[in-house]
Amino acid sequence: MHKIFSLSRKEQLAVQFILIAWACVVLIPLGVAVINSFKPNLGEVYRAPLALPSEWTWSNYAEAWVGANFGGYFLNSAIVSLSVVVIVCFCASTTAFVLVRMPFRGSALLFACFMIGVIIPIRLALAPLFTIVKGLGLLDTLTGLILVQSASMMPVAVFILTAFLKSVPSELEDAARMDGALPFQIYWRVVLPLIRPALATVALLSFVQAWNEYFLPLIFLQSSELYPLTLGIAEFRAQFSVQWHLMFAGILIMLAPTVIAFLLASRQFIEGLTQGGVKE
Amino acid sequence: MAKMSYNRKANLQRIALLTPGVLLFGIFNFLPLVALLGLSLVDWPGVGSADFVGLENFRKLALEPYYRDQFVNALVQNIWMFVLIIGSMLLLGSLLALLLSFGTNGRGAYRAIYFLPYPLAGAAVAFLLDLMVQPRGAINTFFVKTLGWWDAPIGFLGDTDLALPTLAMFYAWHRMSFAIVLILSAIVGVRVILLEAAMLDGASRWRMLKAVVFPVLAPAFVLITVIVMVDVFNNADYTLLLMGPEAGPLRSTDVLGTFLFRTSFGGSATSVNVNFGMAAAIGLVTAILILPAALFLALKNLRKD
């Protein structure tokens with residue numbers, strides 16, 4: 001740290017004051033959620049939302065998980081997000097491999113088509129997308145939702161992986177090719193291990209995006225037993241909007257996996273944010 | 001002969017490797033985007049037969065009061081929401097990033113805390129902050145009961161003037177760290193040599209900020225503005241989550257995304273004005289509105305390789 005950046009004591013005090021103020025803005029809503037989610041009854045939540053619980057209990061979590069079926073919603077969210085991660089990592093890496101290492105006539109055009117997907121958000125094509133999914137008989141199925149969510153991540157994933165693959169030398173692959181290895185083997189043995197760092201970024205981005213998605217499930221699912229957490233909690237709120245203690249517990253159940261994913265991989269996260277920040 | 005068969009096999013495998021990704025993207029992403037063009041020219045409630053109506057949907061959007069008023073209202077409110085969001089993100093984001101760039105104690109801890117909201121689901125943020133601003137929520141309780149500064153609780157989301165700015169603040173709370181990270185990396189990227197030269201010239205800290213640091217912030221500002229713009233003009237999650245497709249109170253939180261949703265699926269069960277052709281037209285017009293920003297972003301990213 002250079003001395004231009006060092007602060008006098010008075011300055012340090014002023015700076016700390018502002019930084020703590022914003023930290024409070026960020027932390028207080030989360031803190032209020034945590035303390036209220038542990039309160040033994042609803043009355044205490046309404047009477048004193050800022051006070052600590054008179055008695056700490058897990059009962060709200062248990063009730064939300066079983067009674068409000070957040071356990072079921074959680075399972076659906078997990079199925080969708082993990083499927084999306086696997087599909088996107090596989091499809092985007094094979095596509096990027098062919099586009100970068102085995103270009104053909106028209107591959108530039110194909111890449112441009114993927115870039116159109118980066119530029120124009122799929123939500124705007126809501127009506128035609130709905131028609132296609134309905135035509136394929138995939139409306140109100142997790143399969144349909146998984147395919148739509150995977151496809152919506154493809155452009156950014158292909159973009160990140162092609163950029164990464166272009167930046168690494170192809171010597172290993174050339175050597176494998178000399179030895180008579182076919183593309184399948186080269187992809188599996190050489191390319192996949194090579195692009196692992198970029199693949200981790202793609203996996204993390206697609207997991208968080210898929211877990212947090214509200215709009216696409218809203219469009220493509222109707223039966224509540226298929227709902228992911230985002231829809232499930234909206235449904236719960238529509239019916240029991242006064243049950244704040246369960247809302248707080250449900251919100252914390254919903255945000256736990258992505259916060260954990262972030263804590264485990266904050267570096268990839270910030271990288272993904274600056275590279276893949278192309279699309280929300 | 002063996003060489004030939006290798007090439008043939010390699011070619012077949014190449015096609016096999018390309019197929020899944022292209023089919024997935026093609027069917028569920030590219031085809032719908034292209035189909036927007038065709039669908040915008042028909043009148044079709046989603047079932048039954050579609051009537052070709054040419055540019056009628058666009059004419060209605062521009063001239064027929066029922067659609068025009070909703071469209072103009074949604075567009076104006078969308079712009080207002082964008083201005084509020086981007087204003088607060090750039091101002092606060094720069095201030096916080098600047099303060100974090102000095103030799104501040106506890107920089108790492110602050111950065112971790114500030115980043116906490118970023119990975120949260122929009123639904124979690126919407127419902128969490130909604131519970132904070134409710135008339136019986138934490139904020140009103142604090143200012144009415146604890147401090148006694150307010151006489152009565154403020155119904156932030158029930159007020160036609162306050163609802164949209166409140167939603168904008170929710171968005172800014174959620175995405176502030178994005179602005180902080182980008183601006184901070186721009187500030188840190190300023191070469192120390194440049195700063196030293198400025199210091200040797202006897203420049204004050206403020207002049208140094210003005211001459212050396214602020215100019216490098218411009219690209220970060222543009223990037224943040226463009227990304228947030230593309231998002232705010234197609235993503236209406238906050239309104240949908242908290243206000244529903246009717247975008248209450250009195251459509252005061254309506255944005256282009258909710259207008260599009262209503263036109264495709266109706267606001268309530270009794271809606272009659274459902275038209276996929278019109279929905280496609282709205283999607284297309286919105287795409288054209290954000291196209292300059294999106295194109296700029298794409299070109300910038302491509303040039304980076």
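The values are calculated or read from the model by the stated rules, or taken from the named source; none is laboratory data. These numbers come from a predicted model, not from an experiment. Positions of Cβ are backbone-derived with ideal geometry, glycine not excepted, and every protein chain shown enters the neighbour counts.
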Quick check: is even one residue across segment A:162-171 among the acidic types (D, E) and surrounded by fewer than 22 Cβ atoms within 10 Å (Cβ to Cβ)?
yes
How about segment A:72-106: which of its residues are of a type outside the set (V, I, T) and within 9 Å of chain B (Cβ to nearest Cβ)?
A:F90, A:C91, A:A92, A:S93, A:A96, A:F97, A:L99, A:M102, A:F104
List the number of the failed condition for B:R303; all other conditions in (1) more than 20 Å from the chain's Cα centre (by Cα); (2) at pLDDT 90 or above hold.
(2)
Pick from segment A:12-68, criterion among the hydroxyl-bearing types (S, T, Y) and in a helix (DSSP H, G or I), ranking: modelled with the lowest pLDDT
A:Y46
Residue within segment B:4-11 that is out of contact with any Cys (no Cβ under 8 Å at 6 or more places or on another chain) and away from chain A (no Cβ under 12 Å) present:
yes
Looking at B:L31, B:L36, B:L24 in this structure, which one is part of a helix (DSSP H, G or I), within 9 Å of another protein chain (Cβ to nearest Cβ) and in contact with a Ser or Thr (Cβ under 9 Å, 6 or more places away or on another chain)?
B:L24
With respect to B:L147, is the statement that it is under 23 Å from A:L30 (Cβ atoms), exposed (fewer than 14 other Cβ atoms within 10 Å of the Cβ) and out of contact with any Gly (no Cβ under 7 Å at 6 or more places or on another chain) true?
yes
If you take the residues of segment B:159-170 that are more than 11 Å from chain A (Cβ to nearest Cβ) and assigned to a helix (DSSP H, G or I), which of them is surrounded by the most Cβ atoms within 10 Å (Cβ to Cβ)?
B:L167
Pairs returned, first residue in segment B:95-122 that is crowded, with 19+ Cβ neighbours inside 10 Å, second residue that is of a type in the set (D, E), beta-carbon separation under 7 angstrom, 6 or more apart or interchain, are B:G122/B:D237
Residues within segment A:183-213 that are of a type in the set (G, A, S) and within 29 Å of B:N11 (Cα to Cα), tallied
3
Out of (1) closer than 30 Å to B:I224 by Cα; (2) more than 23 Å from the chain's Cα centre (by Cα); (3) modelled with pLDDT under 95, what's the single condition that is false for B:G26?
(3)
Taking segment A:47-71, which residues are over 17 Å from A:V242 (Cα atoms), touching a helix residue (DSSP H, G or I) at 6+ places or on another chain (Cβ under 8 Å) and of a type in the set (D, E)?
none
What number of residues in segment A:91-126 are farther than 18 Å from A:S167 by Cβ and outside any helix (DSSP H, G or I)?
5
Only listed residue being among the hydrophobic types (A, V, I, L, M, F, W, C) and modelled with pLDDT of 95 or more, chosen from A:L246, A:L226
A:L226
Exactly one of these conditions fails for A:D179: (1) free of Cβ contacts under 8 Å to residues at least 24 places away in the same chain; (2) under 26 Å from the mean Cα position of the chain (by Cα). Give me its number.
(2)
Contact list, first residue from segment A:14-36 and facing chain B (nearest Cβ under 7 Å) and free of Cβ contacts under 8 Å to residues at least 40 places away in the same chain, second anywhere and of a type in the set (F, W, Y) and surrounded by 16 or more Cβ atoms within 10 Å (Cβ to Cβ), beta-carbon distance below 6 Å, six or more apart or interchain, is A:L19/B:Y110
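The rows are residues; the columns are (1) in a helix (DSSP H, G or I); (2) more than 28 Å from B:A247 (Cα to Cα).
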| site | (1), (2) |
| --- | --- |
| B:V76 | yes, no |
| B:S88 | yes, no |
| B:G93 | yes, yes |
| B:L98 | yes, yes |
| B:G108 | yes, yes |
| B:Y118 | no, no |
